[in-house]
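Single-structure report; data block below.
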Amino acid sequence: MNDDVAIRARGLTKRFGTLTAVDNVDLTVRKREVYGFLGPNGSGKSTTIRMLCGLMRPTAGEIDVLGYKIPRDAEALKRRIGYMTQRFTLYEDLTVGENLDFLAAVHELTRAAARTRITELLERFWLADRRNQLAGTLSGGQKQRLALAGTVLHKPDLLFLDEPTSAVDPQSRREFWESLFELADMGTTLLVSTHYMDEAERCTRLAILDHGRVVADGTPHDLMANLPGRTLLVEADKPREAQRSLKDLPGVIAMAQIGTSLRVLAKAGADFEQQVAERMKSAGLVAQVHAIAPNLEDVFVVATSNSKDTNHAAA
Amino acid sequence: MQLRRLGSIIVKELRQLRRDKLTFAMIIGIPTMQLVLFGYAINLDVRHLEAGVLDQANTARSRELIAELAATEVMKLGKPLQSPEQVDAALRSGEISAALIIPPDFETRLERPDRPAAQIVVDGSEQVIQAAARQLAAFPIYKNTGWTSRTAGIEVVNFYNPQRRAAVNTVPGLVGVILTMTMVLFTAIALVRERERGNLEMLIATPVSPWELTLGKVLPFIGIGLVQVTIVLLLGKLLFDVPLRGSLLELYASALVFIVASLSLGVFLSTLATSQFQAMQMAFFTFLPQILLSGFMFPYAGMPVAAQYVAEVLPLTHFLRLIRGIMLRGASIGELWHSLAALGVFIVIVLSFAVSRVSKRLD
Ligand SMILES: Nc1ncnc2c1ncn2[C@@H]1O[C@H](COP(=O)(O)OP(=O)(O)O)[C@@H](O)[C@H]1O
Ligand SMILES: [Mg+2]
């Protein structure tokens, strides 16, 4: 296996009875990447992460993580990874300090090493003054920082973070991501699942998951660059009427009103800008139509609508 | 197995326990409440039963019989009655629960072994009273061995010392019942709670081993079990003057082995249950046969053979033999080694099976 690759999965599949939660996923995560899993609830993010950590056996497929074959070498891998669960799963009835003491012992840190490391992490994650507070009484953001501190205690090479910011306010989310980049700077590989576009956009690479499948992957920049001329901004004096008149135009994937203007996402095809402009004119609406840069949400919508099309085609 | 890791799990468990007020209260409350309940309230023996007397013979010997029965204190032979009709009426109204009827030919009946000399009429609607009357029926008069010629009733006094006798027999058994109830339930719930709250998913992604996880969880409960044993023994001594005829050390050693057996069962149940509620249901499911078949409620010798086989599998059966032997008969552990061995086998089988089921996977 290539030294540069932290995670490689081929044909990864997990079935629960008749439900295929993860469907033939191929994945390559390079070292020092901040790799994002973007997908709606139920798209298979947690299940994929659990299989990569060796907590669940895949129904089919091969996994290689940090050179270990998973699930065979899962126990050896567990010394080198940190896994932050989607829910807060430290002990709410222990204090911040007690939780970290416990985890330090679990990871076989010596008492002296644990003491310095815990003090260091409490400082780094702004929890020094919360040391004797019960974890259950922390705010959402503090809980996430504590969970992250517990996950990195033993300086893992690879971190799995399952929707780490879903219960956190925007300010805390930004701070949390600062911490993640700090870790990446120090050489840690991160795999982060999220359903926030702005977070996904900060990843170095990302995979978009839908119904257990990877429907798109690449760097955020490349993914967005692959949608040239397909995102239009329609600045109309009557945006709602503009939206109504465009509804039955073939090739429109999605429309969203933003303030007084209308954002239109179209299928790949020639001259869509022209068609929209004509439609506006024939509806008697005064409108300016011009192409704008696509964002990650457009990428996401296109990718998931493509997978729906193939689903329909298969059915 | 790594000692520091095991130690940290135990410390964590004790810290959580200290903050869990309800469980803490149950550790002290369950033994105390059970002891008082079983010791005082659930007393199958009867004293001071309201009773009437219809003495149709009215001889010296009949009056002597009345006095003798009254001395047993089972019946309060307070109400003198004049006719069988009065007996009927008083029983029906509930004024009395029993009546001693001495027929006019009492003296001649005493000479004939085939006919009862006197009669106790009881309110059959009360099981407990019936049982008490049956005890009285064993009174020597029916055997016609000449109760009047017996010397002072030492035998009778021993026999009819119901409250004392019950507590003495119940308290050792109660140690076993309380441990069965709390140890199985506490461990099963403690382990399932960890899974339900998701802590386990966090833990199994670390290098912790299934043995460390299991032992770290159950070892604190051994201490708790020993505290409970102490509470029951102390209260039994203070409230009911229950004797300890054997060695205290051997008693604690037996209790320790039984606690580990119950904890193993708890661990095993926790691997089957998916929720704390299920764990509780399962604990009660194993609790009932132990109470009913172990010899705590009904004597082992009186059970059908099939039930006896089942009883042999239950740890409580063996512990009752141990603790009753040590406390009441002054037996030594050496004489009771087979019960101890049976508990040992139970632990090895159940615990190995349980730990092999403690998986570090979610599926
Ligand atoms: N243990 C399980 N048993 C059965 N179905 C499951 C299990 N875990 C997840 N699923 C199902 O698999 C699908 C993917 O779930 P999950 O991986 O949790 O998605 P995500 O993390 O993206 O929200 C969902 O439909 C979920 O209901
Ligand atoms: Mg999830």
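The values are calculated or read from the model by the stated rules, or taken from the named source; none is laboratory data. From a predicted model like this one, the values you see are computed outputs, not experimental measurements. Glycine gets a Cβ as well: all are built from the backbone with ideal geometry, and neighbour counts include every protein chain shown. Note: accessible area is taken over every heavy atom of the protein model, side chains too, but ligands, DNA and RNA are not part of it. Shrake-Rupley method; radii C 1.70, N 1.55, O 1.52, S 1.80 Å.
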* Asked: So which residues in region B:280-307 are open to solvent by 40 Å² or more (accessible area, probe 1.4 Å) and polar (S, T, N, Q)?
  -> B:Gln281
* When region B:68-94 is examined, which residues are found to be open to solvent by 60 Å² or more (accessible area, probe 1.4 Å) and either part of a helix (DSSP H, G or I) or out of contact with any strand residue (DSSP E or B) (no Cβ under 7 Å at 6 or more places or on another chain) (or both)? -> B:Ala71, B:Glu73, B:Gln82, B:Pro84, B:Glu85, B:Gln86, B:Asp88, B:Arg92, B:Ser93
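Only residues that are closer than 23 Å to A:Ala167 by Cβ and either out of contact with any Pro (no Cβ under 6 Å at 6 or more places or on another chain) or surrounded by fewer than 16 Cβ atoms within 10 Å (Cβ to Cβ) (or both): list them for region A:196-205, please.
Filtering region A:196-205 down to residues closer than 23 Å to A:Ala167 by Cβ leaves A:196-203.
Within region A:196-205, A:Tyr196, A:Met197, A:Asp198, A:Glu199, A:Ala200, A:Arg202, A:Cys203 qualify.
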* Of the numbered conditions (1) under 25 Å from A:Glu178 (Cβ atoms); (2) not in a helix (DSSP H, G or I), A:Asp129 satisfies every one except a single condition; which is it? -> (2)
* Would you tally the residues in region A:24-69 being away from ligand 2 (no atom under 16 Å from the Cβ), of a type outside the set (Phe, Trp, Tyr) and open to solvent by 10 Å² or more (accessible area, probe 1.4 Å)? => 17
* To do: Could you grab me the full set of residues in region A:145-181 that are within 16 Å of ligand 2 (Cβ to nearest atom) and assigned to a loop (DSSP other than H, G, I, E, B)?
  => A:Glu163, A:Pro164, A:Thr165, A:Ser166, A:Ala167, A:Val168
* **Matching residues in region A:224-240 - criterion: being in contact with a Leu (Cβ under 7 Å, 6 or more places away or on another chain) and open to solvent by less than 80 Å² (accessible area, probe 1.4 Å)** => A:Met224, A:Arg230, A:Thr231, A:Val234, A:Ala236, A:Pro239
* **Tally of residues being touching a helix residue (DSSP H, G or I) at 6+ places or on another chain (Cβ under 8 Å) and of a type in the set (D, E, K, R) across region A:10-28** => 1
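Can you find, within region A:129-143, the residue that is most open to solvent (accessible area, probe 1.4 Å) among those that are away from chain B (no Cβ under 14 Å) and farther than 8 Å from A:Thr95 by Cα? First the steps, then the outcome.
Taking region A:129-143 first, the residues away from chain B (no Cβ under 14 Å) are A:129-131, A:138-142.
Filter again for farther than 8 Å from A:Thr95 by Cα, leaving A:129-130, A:138-142.
Values: A:Asp129: 120, A:Arg130: 72, A:Leu138: 13, A:Ser139: 59, A:Gly140: 32, A:Gly141: 6, A:Gln142: 30 Å².
Checking each candidate, the answer is A:Asp129.
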* To do: Pull up region B:195-210, narrow it to residues that are assigned to a helix (DSSP H, G or I) and over 38 Å from the mean Cα position of the chain (by Cα), then point me to the one that is surrounded by the most Cβ atoms within 10 Å (Cβ to Cβ).
  => B:Met202
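Going residue by residue through region A:110-121, is there one that turns out to be within 16 Å of ligand 2 (Cβ to nearest atom), of a type in the set (Val, Ile, Thr), outside any strand (DSSP E or B) and in contact with a helix residue (DSSP H, G or I) (Cβ under 8 Å, 6 or more places away or on another chain)? Step through it out loud before you land on a result.
Taking region A:110-121 and keeping what is within 16 Å of ligand 2 (Cβ to nearest atom), we get none.
No.
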* With respect to the numbered conditions (1) under 23 Å from A:Thr151 (Cα atoms); (2) surrounded by fewer than 17 Cβ atoms within 10 Å (Cβ to Cβ), which one is the sole condition not fulfilled by A:Arg10? -> (1)
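Looking at region A:173-195, which of its residues are away from ligand 1 (no atom under 16 Å from the Cβ), in contact with a Phe, Trp or Tyr (Cβ under 9 Å, 6 or more places away or on another chain) and open to solvent by less than 40 Å² (accessible area, probe 1.4 Å)? Even if it seems obvious, please write down each step before you answer.
Kept after step one, since they are away from ligand 1 (no atom under 16 Å from the Cβ), are these residues of region A:173-195: A:173-190.
Restricting the remaining residues to those that are in contact with a Phe, Trp or Tyr (Cβ under 9 Å, 6 or more places away or on another chain) gives A:173, A:175, A:179, A:189-190.
Scanning region A:173-195 gives A:Arg173, A:Ser179, A:Thr189, A:Leu190.
If you check A:Phe16 against the conditions, is it surrounded by fewer than 24 Cβ atoms within 10 Å (Cβ to Cβ) and either within 16 Å of ligand 1 (Cβ to nearest atom) or facing chain B (nearest Cβ under 10 Å) (or both)? Before you say what the answer is, go through the steps one by one.
Numbers: surrounded by fewer than 24 Cβ atoms within 10 Å (Cβ to Cβ): yes; either within 16 Å of ligand 1 (Cβ to nearest atom) or facing chain B (nearest Cβ under 10 Å) (or both): yes.
So A:Phe16 fits the description; yes.
Residue-by-condition table, conditions (1) closer than 19 Å to B:Leu263 by Cα; (2) β-branched (Val, Ile, Thr); (3) in a helix (DSSP H, G or I); (4) within 14 Å of another protein chain (Cβ to nearest Cβ):
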residue: B:Leu336; (1), (2), (3), (4): no, no, yes, no
residue: B:Leu343; (1), (2), (3), (4): yes, no, yes, no
residue: B:Val348; (1), (2), (3), (4): yes, yes, yes, no
residue: B:Ser359; (1), (2), (3), (4): yes, no, no, yes
* For region A:70-95, what are the residues that are open to solvent by 50 Å² or more (accessible area, probe 1.4 Å) and more than 9 Å from chain B (Cβ to nearest Cβ)? -> A:Arg72, A:Arg80
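Out of the residues in region A:48-82 that are in contact (Cβ under 8 Å) with a residue 60 or more places away in the chain and within 16 Å of ligand 1 (Cβ to nearest atom), state the one that is farthest from A:Gly218 (Cα to Cα).
Filtering region A:48-82 for residues in contact (Cβ under 8 Å) with a residue 60 or more places away in the chain gives A:48-49, A:52-53, A:64-67, A:79-82.
Retained after the next criterion (residues that are within 16 Å of ligand 1 (Cβ to nearest atom)): A:48-49, A:52-53.
Values: A:Thr48: 18, A:Ile49: 18, A:Leu52: 20, A:Cys53: 22 Å.
By that ranking, first place goes to A:Cys53.
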* Structure fact -> Exactly one of B:Leu174, B:Leu256, B:Leu179 is surrounded by fewer than 23 Cβ atoms within 10 Å (Cβ to Cβ) and not polar (S, T, N, Q), and that residue is B:Leu256
* Out of all the residues in region B:20-42, which are of a type outside the set (Val, Ile, Thr), within 14 Å of chain A (Cβ to nearest Cβ) and surrounded by 13 or more Cβ atoms within 10 Å (Cβ to Cβ)? -> B:Asp20, B:Phe24
